[in-house]
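Below is one structure; the comments refer to it alone.
Derivation of every value follows stated rules applied to the coordinates shown; laboratory data play no part. Just so we're clear, the structure is a prediction, and the values are computed from it rather than from any experiment. Cβ sites come from the backbone with ideal geometry, for glycine too, and all protein chains shown count toward neighbours.
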Amino acid sequence: MHIDKFMSMLKTQFLYFPKITVFNDKYEGELSDKSRTEVYKTNLLNDKNTPIEQDDVFRTRKKDMDEYPDGLEKKQRLSLIHSFDALLTRFSKHLMFCNCWFLRDNESHSMWAEYGDKSPTSIAIQTTVGDLINSFELTEFDIHIGTVKYKDYENEHIEGYEDFTSIDLNKPENVLQLFYAPIMQKRNVYADEHEVRAVISFDSICNKYLDRIYTSDIPFYTDNLFEYDFSLFNVRKTNILKDIPKEGLNINVNLGTLIKTVAMSPYANGYFDEPLRKLMDDNNLNGGMVRISQIAEVLEKVSLIE
């Protein structure tokens, strides 16, 4: 991260969880092509195994769709409006907040270049999965932590969607597992990130901002949260999502537990070391934890060869 983000972290004692909509990958939280095809087998023209079949709006829309001429437009309407995929998208785009880490024994030059922008004043925090878990002891939210799995999105399923039509969607725990799975899986092109992801639990978000937790009693279509009219997501007094942060959440974290070392950028100059150590000491952390990046020596040798 850049030093300004680190300074903010030290001052606030927060770890920032961006909403997945602000990530570079525009496909965050979406299904693979193969899983989406499986999901589309269940829609408004197929009542089997859906908790919404007793919903008045469901019945009205189903009647409208039954009378709509068969063809591509009908298929597109079903896939865009009346499928589990559309519901999943609305949940993940508005209620999923993640904090991301790189899990390897050695540093990555590409990660420094992408997230540190080759800045001489960027830094990297080193920790362990166990210390990351323990650092959340003061937060009011439940946090799920796991490694991201990388998939071929054209030919592989998102785990849990292999036999979607057989899943009992009347059980909230099944629905929640289906919601979380795409957040923890990404396309193979991102495999070099070796990502560990901390995700704020969906229940925690709903409980704090929507004053409820997910149950199968919440209708899929009549509830304003799932209306297809995206104008509902604008900040208005009547919008039930208006209090949910648009871009991210700051989560209380014990930095003394979290931070094991702070690595200076491989491009750092001689002026950065002492100010960074003093910054740590001034914020009740040991400045002795600061070290130069493992990659700095490699870059120096390359420079000498050139």
Under 5 Å, built H, 5+ apart or other chain: amide partners of Tyr150: Lys186
Long-range amide H partners of Ile158 with built H, under 5 Å: Ser32, Ser35
Net charge over other residues, Cβ less than 10 angstrom from the Cβ of Ser108 (K, R count +1; D, E count -1): -3
Full-stretch length increase - Thr147, Glu173 - with 0.36 nm per residue and alpha-carbon distance subtracted: 7.3 nm
Violating pairs (Cα-Cα greater than 23 angstrom) within the set Lys11/Lys260; Lys93/Lys118; Lys93/Lys208: Lys93/Lys118
Charge tally in the Cβ shell below 13 Å around Lys26, where Lys, Arg are +1 and Asp, Glu are -1, Lys26 excluded: 0
